[in-house]
Amino acid sequence: MIKRMAIVLGKPGVDGLGEAVDALREWQYEGAPMQLHPGDVGWFWRFGAEATAAAVRTWSRDGRILAVGMLDGPELLRLTIAPDVRRDEHLARQMVADMIEPERGVLPSGKVNVEAPMDALVQDLLAEEGWNADDPWTPLRRDLTEPVQGPGVRIEVIGPEQAHVRTAIQRSAFDGSSFTDERWHVMASGVAYADARCLVAYDDQGNAVAAVTVWAAGPGKPGLLEPMGVHQDHRGHGYGREITVAGAAMLRELGSSSAIVSTPSSNVGAVATYKSGGFQPRPEVRDLYREA
């Protein structure tokens, strides 16, 4: 009789974050469903390494990480699973048990959401548990096989000395944003930022008008735009398209095979902006949620 190895739920700690990010890099591939990307962890890192470690969960078997989750807020678990075990029943049932029982330290009681690859068995099992599909999101993709025609505005790569420019655009573009200069520096110190760049677009008068952060996952793998925003004083002039194109061009320079992004389907303006930048919509995806 062959004994099945146990699935181990873990918190990686600060020292283990690099291994979790490496696993996420490995699992990115062309044609993959929209899934947790190393850039998602990298963007969360602005809250600090300790906070990021506290938000990450791993599921391992025989020393190999099989799944990585990140609590993007206490009630939302974003996760992905190694491609070869997405339909592994033993793993999926263990993950679902860990998610639905608050004492296991993954999700609290009450209303919670889980974002998982649409082809993962976890999706089916949560639905069997009575979880419902939430509002749709639209993933978009731009192929980077061919060179990207440059944007029509000046673009700068932001380093430590210009962090205040990047953070000011973020706070203007997103109400309630807490992206301070200090948090930029913390984010840039994270392991995922080695494959990332922050870009800012300037208008003819030298005003910083839009920004994006792009995250590569290694050569020949999809790279992520997260986040992109236009300063509220400079909307309606096509700067969203320009910074999106610049982000795609930078990802190609970093070796990415495609550029990907996801936005709520209800945000028709964002969908239109990405489409104008050469991104093609993919089938909608939905989180699953449990009622309180």
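The conditions of being out of contact with any strand residue (DSSP E or B) (no Cβ under 8 Å at 6 or more places or on another chain) and not β-branched (Val, Ile, Thr) are not met by residue 115.
For every residue, the table says whether it meets (1) more than 22 Å from residue 123 (Cβ to Cβ); (2) surrounded by 21 or more Cβ atoms within 10 Å (Cβ to Cβ).
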{"site": "22", "(1), (2)": "yes, no"}
{"site": "26", "(1), (2)": "no, no"}
{"site": "34", "(1), (2)": "no, yes"}
{"site": "46", "(1), (2)": "yes, yes"}
{"site": "53", "(1), (2)": "yes, no"}
{"site": "77", "(1), (2)": "no, yes"}
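Matching residues to (1) part of a helix (DSSP H, G or I); (2) under 28 Å from residue 138 (Cβ atoms); (3) modelled with pLDDT of 95 or more:
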position: 17; (1), (2), (3): yes, no, yes
position: 36; (1), (2), (3): no, yes, yes
position: 46; (1), (2), (3): yes, yes, yes
position: 59; (1), (2), (3): no, no, yes
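Return yes or no: is residue 185 outside any helix (DSSP H, G or I) and under 22 Å from residue 157 (Cα atoms)? No: the conditions fail for residue 185.
Being touching a residue at least 40 places away in the same chain (Cβ under 8 Å), of a type in the set (Val, Ile, Thr), crowded, with 24+ Cβ neighbours inside 10 Å and closer than 30 Å to residue 19 by Cα is true for just one of 214, 230, 191. Which residue is that?
Numbers: 230 fails: closer than 30 Å to residue 19 by Cα; 191 fails: crowded, with 24+ Cβ neighbours inside 10 Å.
The conditions single out 214.
Checked across the range 197-217, the condition of being among the basic types (Lys, Arg) and in contact with a strand residue (DSSP E or B) (Cβ under 7 Å, 6 or more places away or on another chain) holds for at least one residue.
Selection over the range 146-172 of residues that are more than 17 Å from residue 186 (Cα to Cα) and of a type in the set (A, V, I, L, M) gives a count of 5. Residue 215 meets all of the listed conditions (1) under 25 Å from residue 25 (Cβ atoms); (2) over 18 Å from the mean Cα position of the chain (by Cα) but one, namely (2). Tally up the residues in the range 71-109 that are free of Cβ contacts under 8 Å to residues at least 24 places away in the same chain and assigned to a helix (DSSP H, G or I), please. The number of residues fulfilling the criteria is 5. Checked against the criteria, residue 242 does not count as within 21 Å of residue 27 (Cα to Cα), touching a residue at least 12 places away in the same chain (Cβ under 8 Å) and among the acidic types (Asp, Glu).
Pairing each residue of the range 45-70 that is free of Cβ contacts under 8 Å to residues at least 24 places away in the same chain with any residue that is assigned to a strand (DSSP E or B) and of a type outside the set (Lys, Arg), provided the two are 6+ apart or on different chains, yields C-beta distances under 6 Å for 55/70; 55/71.
Restricting attention to the range 130-182 and to residues that are assigned to a strand (DSSP E or B) and among the charged types (D, E, K, R), the residue that is surrounded by the fewest Cβ atoms within 10 Å (Cβ to Cβ) turns out to be 135. Of the residues making up the range 196-226, those that are under 22 Å from residue 263 (Cα atoms) and not hydrophobic (A, V, I, L, M, F, W, C) are 197, 213, 221, 222, 223, 226. If you go through the range 61-70 and keep only what is part of a strand (DSSP E or B) and over 13 Å from the mean Cα position of the chain (by Cα), you end up with 61, 64, 65, 66, 67.
Within the range 200-236, the set of residues being more than 16 Å from residue 35 (Cα to Cα) and in contact with a His (Cβ under 6 Å, 6 or more places away or on another chain) comprises 209 only.
The values are calculated or read from the model by the stated rules, or taken from the named source; none is laboratory data. These numbers were taken from a predicted model, which means no experiment stands behind them. Note: ideal-geometry Cβ built from the backbone for every residue, glycine included; neighbour counts use all protein chains shown.
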